[in-house]
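One structure is given below, encoded as structure tokens.
The values are calculated or read from the model by the stated rules, or taken from the named source; none is laboratory data. All figures in this text were calculated on a predicted structure; none of them were measured in a lab. Positions of Cβ are generated from backbone atoms using ideal geometry, with glycine treated the same way; all protein chains shown enter the neighbour counts. These accessible areas exclude ligands, DNA and RNA; they are computed on the full protein's heavy atoms, side chains included. Shrake-Rupley method; radii C 1.70, N 1.55, O 1.52, S 1.80 Å.
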Amino acid sequence: MVFKRYWFALKNGYNVAFKNSSKTDNFMEEQIDSHKEVIDRMTDLSMLRLFETYLEGCPQLVLQLYTFLELGQANFSQYAAILVSCCAISWSTVAYQVALRKSLPDKNLLNGFCPKFTYLFYKLFTLLSWKLSIVLLLFLDVKIALFLLLFLWFLGILWAFKKQTQFCASISMEFLYRVVVGFILIFTFFNIKGQNTKCPMFCYYIVRVLATVGILVVFWVSPVSIFNSDYFMSISITIALTLVLGIIFLIVYYGTFHPNRNEETKPDEIDGKITQRDCRMKYFLME
């Protein structure tokens, strides 16, 4: 499926870039449509890469962190591997946001070094803090940790159903899409319908902060014997610091760098055509 999408994107991109410019009246219109189709397909691929990264990378990263903390020792290369994994997962979200905004006619582009890296650091720090919190909960009780993750997954799926997404051409694929989105929502906030998410995001990170603080308090009340006090202190500081930094970068991004929504697109006075506003909001993942 992914290979097929890459093939069509490359083929259409080649046609747009190197197609002979015949002097027909419809050439410019056809070229614009072809260019839009290439962007749409690349956006689909970006979303599939995002799904793949979270589905594979997040469980692997939790396992890595659990192993390192259990052993109590890790060299520089192991810490570097964890950091690179977190950056790769976070960057997949940035790449998806950049591609998505290119495909939406009523969205400003996410351009520039500062907006992209501010968004990257927001995702990186909040993700790392939550992963460490999950690992600590696994040390406390594996059953409780799994129950919490499954409960959050269930809530994410319910949220996707509540939003009534229409990104796939079939009911079965739409159900799968919502299940995957629910899984991603365990680890990070994900705008599943391209709408204003100020209130949902606020609630999401309030719950995240409360859950993180709750896990740390439980560990301080009943510490696990595998940690000495100094070691656990450094982990607690890392969790709290990365969470605070992540929230700060979130506020900076949405307060300063987040592209504002364009004014409603008006028909061209010359040709009278109306831009399709929901072209990527419906049947986003194609056949």
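Let me make sure I get this right: for the stretch 78-125, a, b and c are the square roots of the gyration tensor eigenvalues over alpha carbons, sorted descending. Under 1.5 in a/c it's rounded, otherwise prolate if a/b > b/c, else oblate. Which is it?
prolate
In terms of modelled amide H atoms, which long-range or inter-chain residues lie less than 5 Å from the amide H of Cys168?
Amide H neighbours of Cys168: Tyr283, Phe284, Leu285.
Work out how far the C-alpha atoms of the stretch 92-174 reach from end to end along every principal axis, then list the three figures in whole Å, largest first.
Computed over the stretch 92-174, the largest-to-smallest principal extents equal 47, 38, 16 Å.
So if we plug the beta-carbon distance of Val179 and Thr238 into 1/(1 + (r/R0)^6) with R0 = 25 Å, what FRET efficiency do we get, rounded to 0.05?
That gives a FRET efficiency of 0.20.
Skip the ligands, DNA and RNA, and give the accessible area per residue of the stretch 76-136 with a 1.4 Å probe, whole Å².
With all protein chains present, the stretch 76-136 gives 36 Å² per residue.
Tell me, what ³J(HN,Hα) does each residue in the stretch 252-257 have, in order and in whole Hz, if you take phi through Karplus 6.51 cos²θ - 1.76 cosθ + 1.60 with θ = phi - 60° and put x for Gly and Pro?
Running phi through 6.51 cos²θ - 1.76 cosθ + 1.60 with θ = phi - 60° gives 5, 5, 6, x, 10, 9 Hz.
Hey, can you rank 59-67, 245-253 by average C-beta count inside 10 Å, highest first?
Order by mean packing, descending: 245-253, 59-67.
What FRET efficiency would be calculated for the residue pair Asp141, Cys199, taking the C-beta separation as r and a Förster radius of 25 Å, to the nearest 0.05?
Calculated value: 0.15.
Once you have the Cα-Cα distance between Phe76 and Leu210, take 0.36 nm times their residue separation minus that, and quote the gain in nm to one decimal.
Result for the pair: 45.1 nm of gain on full extension.
Just grab the label-to-label distance for Thr256 and Ser222, each label 7 Å out from Cα along the Cβ direction, in nm (one decimal).
4.4 nm
Across the stretch 109-114, in residue order, what do the Karplus-derived ³J(HN,Hα) couplings come to in whole Hz, using 6.51 cos²θ - 1.76 cosθ + 1.60 with θ = phi - 60° and x for Gly and Pro?
6, 8, 10, x, 5, 4
Whole-Hz ³J(HN,Hα) for each residue in the stretch 150-166, computed from phi via Karplus 6.51 cos²θ - 1.76 cosθ + 1.60 with θ = phi - 60°, x for glycine and proline: what do you get?
Values per residue, Gly and Pro as x: 5, 5, 5, 4, 4, 5, x, 5, 4, 5, 5, 5, 5, 6, 6, 5, 9 Hz.
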